[in-house]
Amino acid sequence: MALQSAALLPSAFSLHKEGKSNASLKESCLFGVSFSDQIKVDSTLKTKREFGSRKSAVVRAQTAATTAPTFTPAAAQGKKTLRKGTAVITGASSGLGLATAKALAESGKWHVIMACRDFLKAEKAAKSVGMAKENYSIMHLDLASLESVRQFVENFKQSGQPLDVLVCNAAVYQPTAKEPSFTAEGFELSVGTNHLGHFLLSRLLLDDMVKSDYPSKRLIIVGSITGNTNTLAGNVPPKANLGDLRGLQGGLNGLNTSSMIDGADFDGAKAYKDSKVCNMLTMQEFHRRYHEDTGIIFSSLYPGCIATTGLFREHIPLFRLLFPPFQKFITKGFVSEEEAGKRLAQVVSDPSLTKSGVYWSWNKDSASFENQLSPEASDAEKARKVWEVSEKLVGLSD
């Protein structure tokens with residue numbers, strides 16, 4: 001996990017403005033180095049809910065059929081629950097998200113709600129990894145549209161399901177983009193999706209988590225080593241730097257203000273790294289504001305470098321050929337999607353990982369430990385400012 005080598009090789013992403021991009025909406029783990037479970041009352045009892053298709057300003061929501069598990073509240077708060085836990089995972093149709101969904105579903109203790117842009121892709125993916133139908137549901141969510149985020153929250157609340165864990169995993173990564181792409185609301189795509197979309201989703205679902213009777217409620221935001229400048233990988237240019245937040249305060253629209261958080265010229269790789277700093281700062285601010293009163297565990301993580309992820313499918317053939325062995329034999333940072341999914345599933349459900357406000361990592365023996373964040377990614381004052389500006393941008397404050 002020493003060097004962001006992915007930044008050193010070219011890739012071929014075709015990028016478009018107005019909220020459209022063919023960049024991968026995947027797990028945000030990316031690269032350590034980048035060379036870039038309610039007793040089962042009746043297994044046949046299922047509630048099927050179909051959401052009609054609808055259109056937003058830029059994106060067209062697909063029909064989402066949701067199979068919800070039967071829910072029986074626990075007898076009392078603090079007592080061991082007898083029902084399956086319910087976990088929402090964004091970006092669960094591939095990569096880290098899918099591997100995590102599979103690990104949780106296979107445990108028999110979780111019902112996973114796969115929150116994805118493409119319903120058919122998610123359904124096919126779930127079937128391809130052998131997920132039992134009673135263990136998952138699929139709901140449409142496009143984090144690049146705040147309207148879609150609000151609609152997802154409305155649909156979820158109407159479903160009557162509990163929310164025990166929320167995993168903010170999905171991310172956009174555009175390392176070779178020369179010009180910015182934008183979300184439906186006009187925010188630079190990487191920060192708009194990875195940070196602002198997840199920020200609104202988390203805020204709107206927080207009350208549902210507070211109401212849950214599950215004994216260990218958790219909100220997890222996937223981080224990245226590339227956003228931490230206290231690591232070698234985090235020091236590969238362009239380095240993450242939020243500056244004075246002038247671009248974020250201006251709306252990241254690239255018109256009357258920069259599309260970059262720090263106000264600088266656009267850089268696709270840096271936009272992703274900056275969004276990851278925002279993710280890690282947001283997790284800590286959630287912890288400071290809500291952990292003591294709600295008991296919700298807030299955490300972030302870097303599960304390791306998934307060098308074989310589909311995230312790199314647009315890279316040149318030579319990169320796809322060399323990057324996995326480079327991670328396996330040179331940096332020793334290689335982690336399979338399956339192993340990374342198990343690690344994230346640990347943060348979701350392991351009773352030993354219940355400390356709030358922690359950024360989790362794993363050593364070469366796959367043992368978890370509390371990792372240190374960079375000075376910027378752990379700056380409490382900057383976290384407060386990012387929170388307040390983000391509230392305004394997503395319409396939660398004036």
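Observations on the model:
- Over 30 Å (Cα to Cα) - which of 211/270; 178/217; 109/273; 273/392 fall in this group: 211/270; 178/217; 109/273
- Cross-link partners of residue 239 among aspartates and glutamates, defined as those whose alpha carbon lies under 14 angstrom from its own and excluding same-chain residues fewer than eight positions apart: 262, 265, 267, 274, 376.
- Shown here: region 188-240, whose C-alpha atoms stretch 45, 27, 9 Å along the first, second and third principal axes, sorted largest to smallest.
- Inter-centroid distance (Cα atoms) of region 204-280 relative to region 364-379, Å: 16
- Amide H contacts for residue 359 (H built 1.01 Å from N in the peptide plane; partners 5 or more residues away or on another chain; cut-off under 5 Å): 300, 371.
- Cross-link partners for residue 133 among the aspartates and glutamates, with Cα-Cα distance under 19 Å and sequence neighbours closer than 8 places in the same chain left out: 37, 42, 50, 106, 118, 123.
- Rounded FRET efficiency, nearest 0.05, which uses the C-beta distance separating residue 230 from residue 133 and R0 of 45 Å: 0.55
- Accessible area of region 157-311 belonging to carbon and sulfur atoms, whole % at 1.4 Å probe: 46
The values are calculated or read from the model by the stated rules, or taken from the named source; none is laboratory data. Computed from a prediction, not measured in an experiment: that's the story for all the values here. Methodologically, a virtual Cβ is constructed for each residue, glycine included, from the backbone with ideal geometry; neighbour enumeration extends over all protein chains shown. Calculation scope for accessible area: heavy atoms of the full protein, side chains included, ligands and nucleic acids excluded. Shrake-Rupley method; radii C 1.70, N 1.55, O 1.52, S 1.80 Å.
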